[in-house]
Amino acid sequence: MKKVNISHVNNEHNRWLRGLNFYKTEISILKNMLTEIAGKNSADDVLKEVEHYENQFAIQSNNIDKLSHDIHVNLSNMSIQAQASSAGYIDGELLSEHTTLGEKYDTEEKIIIELTHSFRKFAEKWM
């Protein structure tokens, strides 16, 4: 079975966690902007969009929390396995989970960037 040194994947875990923290903060800022827009505009079409963005922000915030948790679990499992190995290696199964988490991170990042871009266009129109 293929073995990999944990130091090579630890940096990616940390980069993903920093990115997720950044996006969580960004969503919080966007929520505050959304609250301001909702307070200034009571038209049905605006409130419909407000509800849409509220829902999307909640969904993405939950996705960030779950992905962050999964990354921490993977990192912990890798650490345990690396400590059990005299050379600090992990097996291919944990590396495969790591790769899947990277794909999930990339997908989440794309979704949040698109959502942020869409929301900012909406906000420019109604702020």
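All conditions in (1) among the acidic types (D, E); (2) more than 16 Å from the chain's Cα centre (by Cα); (3) surrounded by 14 or more Cβ atoms within 10 Å (Cβ to Cβ) hold for E108, with the sole exception of (2). Has segment 32-42 got any residue that is at pLDDT below 90, of a type in the set (D, E) and assigned to a helix (DSSP H, G or I)? No, segment 32-42 contains no residue that is at pLDDT below 90, of a type in the set (D, E) and assigned to a helix (DSSP H, G or I). For segment 13-23, the criterion of being in contact (Cβ under 8 Å) with a residue 40 or more places away in the chain and more than 15 Å from the chain's Cα centre (by Cα) is satisfied by no residue at all.
Of all residues assigned to segment 90-99, none qualifies as being in contact with a Leu (Cβ under 7 Å, 6 or more places away or on another chain) and either under 23 Å from N14 (Cα atoms) or in contact (Cβ under 8 Å) with a residue 24 or more places away in the chain (or both).
Which residues, taken from segment 39-50, are in contact with a helix residue (DSSP H, G or I) (Cβ under 9 Å, 6 or more places away or on another chain) and under 27 Å from K110 (Cβ atoms)? Of everything in segment 39-50, those that are in contact with a helix residue (DSSP H, G or I) (Cβ under 9 Å, 6 or more places away or on another chain) and under 27 Å from K110 (Cβ atoms) turn out to be V46, E49, V50. Could you tell me whether A58 is in a helix (DSSP H, G or I), free of Cβ contacts under 8 Å to residues at least 40 places away in the same chain and more than 13 Å from the chain's Cα centre (by Cα)? In short, no.
Conditions (1) surrounded by fewer than 17 Cβ atoms within 10 Å (Cβ to Cβ); (2) hydrophobic (A, V, I, L, M, F, W, C), marked per residue:
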{"residue": "K48", "(1), (2)": "yes, no"}
{"residue": "F57", "(1), (2)": "no, yes"}
{"residue": "D65", "(1), (2)": "yes, no"}
{"residue": "Q81", "(1), (2)": "no, no"}
{"residue": "I90", "(1), (2)": "no, yes"}
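Whenever a residue of segment 106-127 is modelled with pLDDT under 95, its partners that are acidic (D, E) and assigned to a helix (DSSP H, G or I), lying with C-beta atoms within less than 7 angstrom and at least six residues away or across chains, give the pairs M127/E36.
The values are calculated or read from the model by the stated rules, or taken from the named source; none is laboratory data. All of these numbers come straight from a predicted model, not from anything done at the bench. Here the Cβ is made from the backbone with ideal geometry for all residues, glycine too, and neighbour counts use every protein chain on show.
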